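Student: Have a look at this one.
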Amino acid sequence: MSRGLRFLKPGKMSLQNQLSEAVKSAVKQLYNVELESTEFQPTRKDFEGDITLVVFPMLKQIKSNPAKLGEEIGNYLKENIAEISDFNVVKGFLNLVIADAYFLNFFTEIKQQENFGLIPPATNARGIMVEYSSPNTNKPLHLGHIRNILLGYSVAEILKAAGNKSYKTQIINDRGIHICKSMLAWQRFGNGETPEITGLKGDKLVGNYYVKFDQEYKKEISELIEQKGISEEAAKAEAPILVEAKQMLLKWEAGDPEVVALWEKMNQWVYDGFEKTYEAIGVDFDENYYESDTYLLGKDVVNQGLEKGVFYKKEDGSVWIDLSDEGLDEKLVLRSDGTAVYMTQDIGTAIQRVKDFDINGMVYTVGNEQDYHFKVLFLILKKLGFDWADYLYHLSYGMVDLPSGKMKSREGTVVDADDLMAEMTDTARKISAELGKLEGYSEEEKKELYRIIGLGALKYYILKVDPKKRILFNPEESVDFQGNTGPFIQYTYARIRSILRKAGDIYNKPVSVGYKLHLKEKELLKQLQLYPETIQLAAENHSPALIANYVYDLVKEFNSFYQQVSILGADTEAEKHFRVQLAAEVARVIKSGFKLLGIEVPERM
RNA sequence: GGUCGCAUAGCUCAGCUGGAUAGAGCACCUGCCUUCUAAGCAGGCGGUCCCAGGUUCGAAUCCUGGUGCGAUCACCA
C-alpha cells in the first residue's frame with residue numbers, strides 16, 4: 001500500500017467522526033463495501049483502549065465473523081492511521097488505543113482557544129427567544145418559579161453557546177381577576193399600607209392581600225351556606241367580595257381612572273419586588289412583555305383569522321378554531337362578549353415578539369400542565385400561516401411538589417423564593433464556619449462566598465434533574481453540599497485555583513514533545529474532549545441537566561487524578577508543567593459549564 | 001373515559017441515535033489528612049431496570065398490551 005500514514009486532526013472534527021471516515025475507507029479497501037454507518041462508544045474501563053468500534057452492525061453488509069472482521073479492520077487502522085498505536089478485539093468489539101500524541105495535540109489546541117466548546121453565533125445564526133418566569137402580579141415568586149427561571153435562563157445560555165442568537169424574555173400576567181382580588185383586599189383591609197411603611201417587599205405585601213382575599217372569601221361562603229341555606233356552588237358565585245372583585249375587573253377594562261391608578265401602584269410594588277428576586281437569583285431579561293399590552297393585538301389577529309376562515313364564529317358571538325382534524329378539540333379563542341382569553345393574548349404576544357426581534361424561533365419555558373395549551377397555540381399560529389411556527393418549542397418541565405402535595409399560594413403552602421435562597425446562603429455560612437478555611441477573608445468576601453455556594457447548591461440541585469421529571473422537594477431535608485452537588489464542583493474549582501496561584505507562570509510554558517501521559521491525565525483529556533458535543537446535545541435537547549452531568553463527571557475524574565498524583569510536587573518539571581496546565585483547563589471548563597447553568601465559581605472555599 | 005408524561009439500588013438521580021458484567025450521589029460499613037484545601041479519595045454493601053408479550057446477533061433503551069403515579073380535556077390562567 002503506497003498511501004502514507006494519515007494523521008488525525010484534533011479539534012477540527014471529533015475523534016469519532018474521523019475514525020468513522022477511516023473505518024469506512026478501511027472497509028472499502030479490504031472488502032470493497034461502502035459502509036453506511038459506523039458505531040463507536042468509549043471503551044469500558046475494564047478493557048484496554050480509548051475508543052471502541054462495535055463491529056456487529058457491519059455484519060449485515062460484510063459476511064464474516066465479528067472477531068475476524070475486528071482483527072482485520074484493527075490491523076488496517078494500526079498500519080494506516082498514525083495515532084492508532086494498538087488494538088484488541090473482544091467478542092465483537094474492536095478496542096482502539098489512541099497514541100498520546102493525539103491527546104497532546106488536542107490539548108495544545110484547546111489551550112489556545114478563548115472559549116473552548118462554545119460556538120460564536122454566525123451572522124446568519126438562528127435567532128431564538130426564550131420565555132421564562134411568566135409570573136402573575138398578585139403574589140411573590142416561589143420554588144416552582146425558581147425551577148422555571150433556572151431552566152429558561154440556562155437554556156438561553158446553552159442555545160447561545162451552541163451558536164445561536166438568543167434573547168430572554170418574560171410575559172407578565174398583569175391583568176385579570178387575580179390582581180383585582182389583591183387590590184380589593186388591600187382597599188378594604190390595607191389601611192394604606194405600602195412597602196415603605198411596612199418594610200415588606202412589594203410582591204410580599206401584595207401577596208398577603210391575595211391570601212387575605214381568599215380568607216374573607218371562604219368566610220363569606222360558609223356564612224352564606226349557614227344563613228341562607230344555599231348550595232356551596234351558589235355561595236361561591238354569590239359571595240359579595242367576589243362579586244365586587246369582578247366588578248373591579250370590569251371597571252379596569254373600562255379604564256376607570258381610580259381602579260387603573262390602584263392597579264398601576266400595586267403592580268409597581270410587585271415589579272420592584274420581582275426585580276430584587278431576579279437580581280438575587282442572578283438572571284436578567286432582554287425584554288419584558290405585559291399581558292395588558294398584547295391581548296389587544298391578539299384580538300386583532302383573531303379577527304383577521306376570522307376573515308381568512310381559520311376561525312369561525314358561533315351564534316353567541318364567541319370565536320373558535322376547529323382542530324379535530326389534528327386529533328384535538330375545538331378551542332375557544334375569543335369569548336362571546338368579545339373579551340380575550342389566555343390563548344388570544346399568547347397569539348398576540350408571539351406575533352409581537354417576531355416583529356420586535358430578529359428571531360425565527362421561540363422557546364416557552366412553562367410547566368407540563370400546559371402541554372395542551374401550547375400544542376394548540378403552535379397549531380393556531382401555523383394555521384395562521386406564520387412560517388416561524390415550525391420553530392416553536394414548549395420547554396415543558398415537571399412540577400415541583402412538596403411532601404404535602406402541590407404548592408398553593410392562596411393557602412400559604414409555598415416555598416418562597418427569597419426565603420429559600422436566604423436559607424441556602426445561611427447553610428453555606430454554617431458549613432463554611434465549621435470547616436474554617438477562610439482565614440484572611442474579610443466579612444464582605446465571606447458573605448459573597450456564602451451567596452455563591454448557597455445559590456450554587458440550589459441551582460445545581462434543580463438543574464441536574466431532567467426537566468421533564470417532576471421534583472419532590474422536601475424542605476426538612478435540606479439540599480446537600482456533598483457528593484453530586486454544586487458545592488462539590490465549586491470546591492474542586494477552588495482547589496485548582498489554589499494550585500494555580502502557587503504555580504506562578506508555569507501555565508505559559510509549552511508542553512514537552514513526547515510527553516508520556518499518565519492514565520488519569522488521559523482520562524481527563526478524553527472527558528475534556530466531550531465538552532463541545534455535550535453543549536450541542538444540551539442545546540438540541542433543551543436540557544441543562546446534560547451540562548450538569550458532564551461537569552460532574554469531569555470533576556469526579558479530576559478529583560481522582562488530584563488524589564493519585566501530585567501536581568506541584570511532580571517528579572519531573574515536564575510533569576509539573578503539564579499537570580498544572582491540565583488542571584487549569586479543567587478549571588476553565590468547570591467555570592464555562594457552570595456559567596451555562598448560571599452558577600458562579602469561587603476562588604477559595 | 002380520551003390524550004400526554006413519568007416508572008432504574010432503601011432514598012435522589014445518570015444511562016447518547018439499541019451494544020460488553022446497568023452507573024453515580026445520599027444513607028450504612030472499612031481504610032486514607034507531619035506532601036497541592038478531607039465540601040475530597042479508595043473500597044464494601046445494595047438491582048425482578050413496574051409487569052407481560054414482540055422486533056433482533058443483541059433490549060433499561062424500540063413496538064404492542066397492561067399496572068401504578070402525575071397532568072390535561074373550562075367563555076380559568
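The values are calculated or read from the model by the stated rules, or taken from the named source; none is laboratory data. From a predicted model like this one, the values you see are computed outputs, not experimental measurements. Neighbour counts are summed over all protein chains in view; Cβ atoms, including those assigned to glycine, are modelled from backbone coordinates with ideal geometry. Just the protein is used for accessible areas: all its heavy atoms, side chains included, with ligands, DNA and RNA removed. Shrake-Rupley method; radii C 1.70, N 1.55, O 1.52, S 1.80 Å.
Student: Only residues that are open to solvent by 10 Å² or more (accessible area, probe 1.4 Å) and within 10 Å of RNA strand B (Cβ to nearest atom): list them for the range A:428-445, please.
Tutor: Narrowing the range A:428-445 to residues open to solvent by 10 Å² or more (accessible area, probe 1.4 Å): A:429-445.
Of everything in the range A:428-445, those that are open to solvent by 10 Å² or more (accessible area, probe 1.4 Å) and within 10 Å of RNA strand B (Cβ to nearest atom) turn out to be A:ARG429, A:LYS430, A:ILE431, A:SER432, A:ALA433, A:GLU434, A:LEU435, A:GLY436, A:LYS437, A:LEU438.
Student: Pull up the range A:462-507, narrow it to residues that are closer than 14 Å to A:THR425 by Cα and open to solvent by 40 Å² or more (accessible area, probe 1.4 Å), then point me to the one that is farthest from RNA strand B (Cβ to nearest atom). Steps first, answer last, please.
Tutor: As a first pass, look at the range A:462-507 and keep what is closer than 14 Å to A:THR425 by Cα: A:478-481, A:486-487.
Now drop any that are not open to solvent by 40 Å² or more (accessible area, probe 1.4 Å), which leaves A:478, A:480.
On the way: A:SER478: 11, A:ASP480: 6 Å.
Ranking the qualifying residues of the range A:462-507, first place goes to A:SER478.
Student: Looking at this structure, is A:VAL586 aliphatic (A, V, I, L, M), assigned by TED's automatic domain parsing to the domain that holds A:ILE462 and within 11 Å of RNA strand B (Cβ to nearest atom)?
Tutor: Working: aliphatic (A, V, I, L, M): yes; assigned by TED's automatic domain parsing to the domain that holds A:ILE462: yes; within 11 Å of RNA strand B (Cβ to nearest atom): no.
No, not satisfied.
Student: Sticking with this structure for a sec: Can you list residue pairs whose Cβ atoms sit under 7 Å apart, with the first residue in the range A:546-562 being within 8 Å of RNA strand B (Cβ to nearest atom) and open to solvent by 30 Å² or more (accessible area, probe 1.4 Å) and the second being aliphatic (A, V, I, L, M) and in a helix (DSSP H, G or I)? Count only pairs 6 or more apart in sequence or on different chains.
Tutor: Listed pairs, sorted by first residue: A:LEU546/A:LEU537; A:LEU546/A:ALA538; A:TYR552/A:ILE489.
Student: In this structure, is A:LEU77 away from RNA strand B (no atom under 12 Å from the Cβ) and open to solvent by less than 40 Å² (accessible area, probe 1.4 Å)? I'd like the intermediate steps shown before the answer.
Tutor: Details: away from RNA strand B (no atom under 12 Å from the Cβ): yes; open to solvent by less than 40 Å² (accessible area, probe 1.4 Å): yes.
Judged against the criteria, A:LEU77 is a match.
Student: Kindly evaluate A:GLU411 against the criterion of being outside the structural domain of A:GLU279 (by TED's automatic domain parsing) and within 12 Å of RNA strand B (Cβ to nearest atom).
Tutor: no
Student: For residues that are within 11 Å of RNA strand B (Cβ to nearest atom) and part of a strand (DSSP E or B), scanning just the range A:357-407, find the one that is nearest to A:GLU287 (Cα to Cα).
Tutor: So the residue we want is A:VAL366.
Student: Pick out the one residue from A:GLN112, A:GLN41, A:GLN61 that is away from RNA strand B (no atom under 15 Å from the Cβ), outside the structural domain of A:ALA185 (by TED's automatic domain parsing) and open to solvent by 60 Å² or more (accessible area, probe 1.4 Å).
Tutor: A:GLN112
Student: Among the aliphatic types (A, V, I, L, M) and more than 31 Å from the chain's Cα centre (by Cα), is that true of A:VAL302?
Tutor: Working: among the aliphatic types (A, V, I, L, M): yes; more than 31 Å from the chain's Cα centre (by Cα): yes.
Yes; evaluated as a whole, the condition is true for this residue.
Student: Given (1) in contact with a strand residue (DSSP E or B) (Cβ under 9 Å, 6 or more places away or on another chain); (2) more than 22 Å from A:TRP269 (Cβ to Cβ); (3) open to solvent by less than 20 Å² (accessible area, probe 1.4 Å), where does A:GLY163 come up short, assuming only one miss?
Tutor: Status for A:GLY163: all satisfied but (1).
Student: Residue under question is A:GLU533, and the condition is that it be in a helix (DSSP H, G or I) and either within 11 Å of RNA strand B (Cβ to nearest atom) or open to solvent by 60 Å² or more (accessible area, probe 1.4 Å) (or both); does it hold?
Tutor: So A:GLU533 passes the test.
Student: Show the residue pairs meeting these rules: Cβ distance below 8 Å; 6+ apart or different chains; first residue within the range A:521-536 and in contact (Cβ under 8 Å) with a residue 12 or more places away in the chain and closer than 19 Å to A:SER154 by Cβ; second residue part of a helix (DSSP H, G or I) and open to solvent by 40 Å² or more (accessible area, probe 1.4 Å).
Tutor: A:THR534/A:LEU546
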